[in-house]
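Below: one structure, written as structure tokens.
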Amino acid sequence: MAQVALSSRWAVAPFMWRGNHSPTDKKMEGAKMNKNTLKISLRTLIVLMVVSLVAQGVAAQDAATTEDDSNDITGDIGMIGVGLALGLAAIGAGFSQAAIGSAAVGMLAEDGSKFGVALIFTALPESIVILGALPLFLQ
């Protein structure tokens, strides 16, 4: 029974903080970022930001000058994209729901007072499908 409780604990909350990690930990010693790495990453971030802003400006200017309705989401390609968003979100939620649901049942079998936690973790993947259905209403 203890093995089921341990496995359900890690399956229900896989993204929770595990352990007491402090900056003086042996594993965390080499994790410091030196100044050169920080400078390079910040410069790269700034360059990518400028490139993306310029590209958005060019795309906005191009869209303003053309009076074509080819960018309308109601076209065939747009509907395929909406269907893909909903379908892939549902598949991903199904995969996560399978693992979380069985772990929640195991957790409730061990301790019935954790019903609220089990309900929250079981309902989280369903919100992914709701967000996947959002493009249906934005067309």
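Here are some notes:
- Of the residues making up region 9-62, those that are farther than 30 Å from Pro125 by Cα and modelled with pLDDT under 70 are Ser22, Pro23, Thr24, Asp25, Lys26, Lys27, Met28, Glu29, Gly30, Ala31, Lys32, Met33.
- Pairs meeting the criteria (first residue in region 107-124 and touching a residue at least 12 places away in the same chain (Cβ under 8 Å), second residue in a helix (DSSP H, G or I) and of a type in the set (D, E, K, R), beta carbons under 9 Å, at least 6 apart or on different chains) are Met107/Arg9; Met107/Lys114.
The values are calculated or read from the model by the stated rules, or taken from the named source; none is laboratory data. The model shown is predicted, which means the values in this text are computed figures rather than measured ones. Neighbour counts run over all protein chains shown; Cβ positions are idealised from the backbone, glycine included.
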